[in-house]
Structures are given as structure tokens and as C-alpha cells.
Amino acid sequence: MNVKKFTAATSRDALRKVREALGPDAVILSNRPVDGVVEILALASDDVASISSPAPESEMAQPRPSLSIPPETYANRRVAPTPAPAYAVQPESFDMSMMASQMSSMMMQAMNQAKDSAAAEMSGMMNEIRAMRGLMESQLAEIAWGTTQQREPQKAGVLREMLAAGFSASLSRYLIEKLPAGKDAAESLRWIKTVLSRNLTTISNEDEILEKGGVFALVGPTGVGKTTSTAKLAARCVMRHGPEKLALITTDAYRIGGHEQLRIYGKILGVMVHSVKDESDLRIALKELRNKHTVLIDTVGVSQRDQNVAEQVAMLSETGADVKRLLCLNSTSTNETLNEVVRAYQGSGLAGAIMTKLDEAASIGNVLDVVIRQKLNLFYVSNGQRVPEDLHLADRNMLVDRAFRLKRDAAATQFSDAELPLLMANTSNARNDRSLREVSLG
């Protein structure tokens, strides 16, 4: 069985490589994100046929080796006599109990070896069964989707719309399968948009931050716009309550000039910026600023794959204050990267999220997909560098409509009818995804 690996930046590019190398009847064994790219393991249809073909009669006629050990093996076992040394004990004084103990030990060892062999063979058989089951599920899913395309062509059209908008194949397939019968393409797309909007959780007004106040820390990887978003929020707080009610803290002491950018914003707003280096400094600063209505913390950017993420989460959680963490999500990142970011920064729970760089994104279905499946509360969207103009409350209906209007270049992302069954076969286990089962359909 010749399994081949294909990698590419997107699922479509990887699938194209599979089709070019193995043909349109190739069977996909796995599809997963690895280090920022998509990795597909595939098998040619001829190899699948060789797996499923019956074994030669000569092999079938050979008996399988027995896993059990006949008891007569031990009953007829003879111990070869050895010449007794000059100092050996006489036969009449030979310890029979020792001999019985040795025989028992040998029997137990042989039986354990037999059990291990049986367990290893059983494990190998189960792995083969799982592999065959995966092949069958993928092939059946491909056949089923091909039938669906012929019977309900409007579903294929809606699926292409969702994929072009940046939504994941698993979420797209899940909603397409739940699509009510009897709807044309336009009605189907409206239903999809309604479901997506219903599952986007947003805040209804700014009172969640501006009126309630509290301590908020903006977190996320380097370059997602945390400092600019902090400044925008600070400006809104100053306009609502005045500069004396606000305090700014930066933990970005590592990046050259990192804290200076926030200090410039703070000087413009008339708000002092406090710089801290570790948990002890942060604890002291928050204690001194406990009378402030709102405290905003601009944290140092840490890659989602860096172990320092856990340390940062712990630092913010163990200050003795109720620090609410807002995760900044870069709209230009891929679905796989965003999921990694959320999992890394989740910790004991995120208060909400801010969608950044909306003005730079070619599509935003990717970030909406993550927000929906990770059950994040979306506070704001940022679409530029202006402070505070380019920060807006998240409007779920507007975001869903924008996702379908900001479709990527059709020539680069549009899947053909022949490719859709192969793509959908790779999401055959989507029904087992807990995040999809929690999507509300109405």
C-alpha cells in the first residue's frame, strides 16, 4: 500500500496535487493542518483495490499459527540430566519443591509470551479495521455527496459560496446537510446566513465595558493590533468618563519601543501609562489603581506556540484582581491558525474577543467560523489605524453579509463540481465534532 503525502497552503491546492498525482479516484486517508499548511495523506484507487482483493488460495489454505500453548507441551517436557559436581547433594536430598517452582515459572513465562503475541496481533487487526473503516467512510461520503449534487444542485452552489467566503469545509458541510428541503439557491443562502448570524455572540452596547468598568487585558500574538486597540478603547473611556477614571498598564517591556507607542497615546489622552515587568509588579500596580473605574492592560505579544502563553495567562489570573481577557483575532489569519490561537489563550476562559485588521482581510468567514465554533463573545471589530474612529461594535448581521461579499478571487478559490465530493469526503467525521453539534439551527 503506497500512501503519499501532499502539502500546500490551502485545502484546494493540496487536493489539486492529489488529483494530479493520483487521479480523480484517489482516496483521502487524512486531512489536517500542520505548521501553517494543509497536509493530506492519499492513496491511489489501484492500491485500495489491492487491499480489498481476496488473498491467493495458497495463502488461504495455510493454517494460522495457534496462539495457545498445548498443555502436553509441558506435561511431556523432560529435563536433561546434568552431571553432579563433587559437592552436589545426593538425589535423595533433591528439593522437589524447587523443581516445581522452576517449572511453574517457565510455564507462566511461556503463557505471558503467548498472551503478548495475541494482544499484539489483536492490536494490529484493530488498526487494519480502523484503516479500512476510514477508507470506506471516505468513499461512501464521496459517493453520497456526488448523489446529492445531482439530486439537489443548489446545495453545491451554496457550499461553494461558503467555501469562497472562508468558512471551513466541516462547518459548511454540517450546515448544508441540515439545510431544509424544498429551498432554491437564494432561499438556501438566506437560511445559511440566518443560522450563522444566530450563532454569532456579540455585545448589544458598550455598557459591557464603558459603564461597568473593571480591569481588561488585551491579549494575543505579536502584530495583531493589541496596542492600537487598547488606545481606541482608552479614547472611548476618556470620552465617556474623563481621563481621571482611566489607567493604562503595559507589560510590553521586551519589544523595542513597544511601551512608547502606548505612552504617546496616553499623553494625548491625558492618562498616565504604568509599565510592569512581572506578576509582582502587576499585582502592586493593580492594587494602587483599584480606585480607577477602568484599567486597560496592553500585554506583550506571544506566539500561540510559545510556552510563555501559559505563563502570561497565569500572571493575569493570579493578580488578585478580576482581570477580564479580551483576545485579539487577526482577520487575515487562516482558520487553522486562529483555532490554535484560541486554544492557546483560552485558559480558564476568555471574556470576549476583538476582530482586528478587518480592512486588510480578503475574507472574514475564517474568523467568524472560529468565533462561532469556539463560542466567543465578540466585542468589537477594528478596521484601521485611526484612534478612536476605526473601532466599532460587532454587528453580527453586517459581519455575515460582509463575509459573503468579501469572497476571495473566484479563479483561485472556486472548487469545481468534480472536486467537491473529494473535499466533502475528508469531512465525513464532522458529525463527531462537538463544536458543530452545539451550533444552533433555530
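Okay, here's what the table says:
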{"quantity": "Over the stretch 144-242 - Rg/Rh using Cα atoms and the Kirkwood inverse-distance radius", "calculated": "1.21"}
{"quantity": "Pair residue 277, residue 121: separation of 7 Å Cα→Cβ label points (nm)", "calculated": "6.6 nm"}
{"quantity": "Mean Cβ neighbour count within 10 Å, used as a protection proxy, ranking 354-360, 286-292 highest first", "calculated": "354-360, 286-292"}
{"quantity": "Amide hydrogen neighbours beyond the local backbone of residue 214, cut-off 5 Å, H modeled", "calculated": "294, 295"}
{"quantity": "Integer Hz, Karplus 6.51/-1.76/1.60 couplings in order for the stretch 346-361, x for Gly and Pro", "calculated": "4, x, 7, x, 9, 6, x, 9, 10, 8, 10, 6, 4, 6, 9, 7"}
{"quantity": "Separation in nanometres of the label points that stand 7 Å from Cα toward Cβ, at residue 13 and residue 308", "calculated": "3.0 nm"}
{"quantity": "Above-threshold pairs, the threshold being 20 Å between Cα atoms, out of 226/267; 212/375; 193/324", "calculated": "212/375; 193/324"}
{"quantity": "In nm, spacing of pseudo-spin labels at residue 346 and residue 39 (7 Å Cα→C-beta vector)", "calculated": "2.2 nm"}
{"quantity": "Residue 222-residue 154 FRET efficiency (beta carbon distance; Förster radius 51 Å; 0.05 resolution)", "calculated": "0.70"}
{"quantity": "q = 0.18, 0.22 Å⁻¹, the stretch 233-340: log10 I(q)/I(0) [Debye, one scatterer per Cα]", "calculated": "-0.98, -1.30"}
{"quantity": "Length gained when the stretch residue 4-residue 112 is fully extended (0.36 nm per residue, less Cα-Cα span)", "calculated": "35.1 nm"}
{"quantity": "Global geometry of the stretch 304-385, whether rounded, prolate or oblate, following the gyration tensor of its Cα atoms and the 1.5 cut on a/c", "calculated": "prolate"}
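Readers should treat all values here as calculations from the given coordinates under stated rules, not as data from a laboratory. Quick caveat, the model's predicted, so the values are computed rather than measured. Every residue, glycine as well, gets a Cβ built from its backbone with ideal geometry; the counts of neighbours run over all protein chains shown.
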